[in-house]
Amino acid sequence: MNKIIAVASGKGGTGKSTISVGIGRELANAGNKVLIIDCDSGMRGVDIMLGVSRNLVFDMADVVSGECEIENSVYPCGCGGNLFMIPAPNDADDELSPNVFRRFLEAVADVFDYILIDSPAGVGSGLKTAVSIADMALVVCNPEPASLRGCNNVRRILLENGISNIRLIINKFSERSFIGMSFYPDLDAVIDETGIQLIGIVPEDLRMAASVQSGVLPEKSSLAKGAFERIAMRIRGEKVMLPF
């Protein structure tokens with residue numbers, strides 16, 4: 001069965017799209033055929049991160065309106081021909097309903113080993129659309145109170161929509177900042193507050209942030225790249241130690 005994974009966050013700025021792109025690349029590098037769907041209507045950015053923004057002609061809204069066939073909205077993004085993406089509508093008014101999105105996704109699901117859905121931040125209608133057909137969710141947070149509150153709200157929406165396979169990713173983690181701000185005594189307290197099982201910690205990595213925003217591949221020595229690789233391995237069912 002194809003694994004359809006929604007990537008969500010309770011507030012903006014957590015690095016959710018970077019997580020989607022990073023994990024998608026590592027799954028593709030491991031030989032899986034991967035599709036990343038940008039569901040952030042009116043605010044799309046995954047195409048920039050994957051370096052294909054100049055190639056875009058059609059998006060999901062064009063397929064639904066009959067302007068093109070579904071294959072015209074799927075863009076190759078490298079990784080040995082294993083990584084592809086579908087851009088979100090450029091206009092927020094073109095956001096798809098859950099039922100329409102479900103039918104859209106069913107039309108392409110059989111072609112891919114993994115589908116990552118980059119959800120819009122928050123708990124609005126866009127999240128409910130993005131998770132309407134997902135069988136797993138990755139909730140992205142930063143180790144700070146406002147972000148963790150958002151995680152709890154997202155977790156509630158996911159459970160209400162029948163998604164129980166939920167995992168937490170702590171992103172942009174800096175040990176020095178974490179200790180200096182003293183919001184929480186340790187990372188266990190962060191995990192406990194979200195009520196979500198941890199699947200990975202991604203360290204703060206300015207080089208990764210710069211490469212993603214430029215649409216270029218990260219350096220092999222990137223700390224964040226190594227974290228994405230471990231998370232991808234855990235998604236694939238491999239037993240990998242979680243670094244604390």
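Bear in mind that the values in this text are calculations on the coordinates, not laboratory data. Fair warning: this is a prediction, and the values are worked out from it, not measured in the lab. Positions of Cβ are backbone-derived with ideal geometry, glycine not excepted, and every protein chain shown enters the neighbour counts.
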- Note on the structure: With the 8 Å Cα cutoff and a minimum separation of six or more residues, the chain has a relative contact order in percent of 26 percent
- Item | Tilt relative to the chain, helix 223-235 - C-alpha long axis, 0 to 90 degrees, to 10 | 70 degrees
- Item | Count of Lys pairs (Cα-Cα under 28 Å; at least 8 positions apart or interchain) in the chain | 28
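Using Cβ contacts closer than 10 Å as the measure, can you line up Arg167, Arg44, Arg176 from fewest to most?
Details: Arg167 17, Arg44 22, Arg176 8.
By the 10 Å Cβ count, ascending: Arg176, Arg167, Arg44.
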- Calculate how steeply helix 145-160 sits against the longest principal axis of the alpha-carbon atoms of the chain, using the helix alpha-carbon long axis, and give the answer as 0 to 90 degrees to the nearest 10. 50 degrees
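What percent does the relative contact order of region 63-132 come to when contacts are Cα pairs within less than 8 Å and at least six residues apart? The partial results should precede the final answer.
Working: 46 pairs, mean separation 16.5, N = 70.
Computed over region 63-132, the figure is 24 percent.
Please get the size of the charge dipole for the chain, origin at its Cα centre, with Cβ charges of +1 on Lys and Arg and -1 on Asp and Glu, quoted in debye to the nearest 20. Working shown, then result.
Details: 23 positive and 30 negative charges, 142 e Å.
Rounded to the nearest 20 debye, it is 680 debye.
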- Taking a spot 7 Å from the Cα of Gln197 along the direction of its beta carbon, which residues of region 1-29 have an amide N less than 12 Å from it? none
- Item | Packing-based order for 25-35, 192-202, using average beta carbon neighbours within 10 Å, highest first | 25-35, 192-202
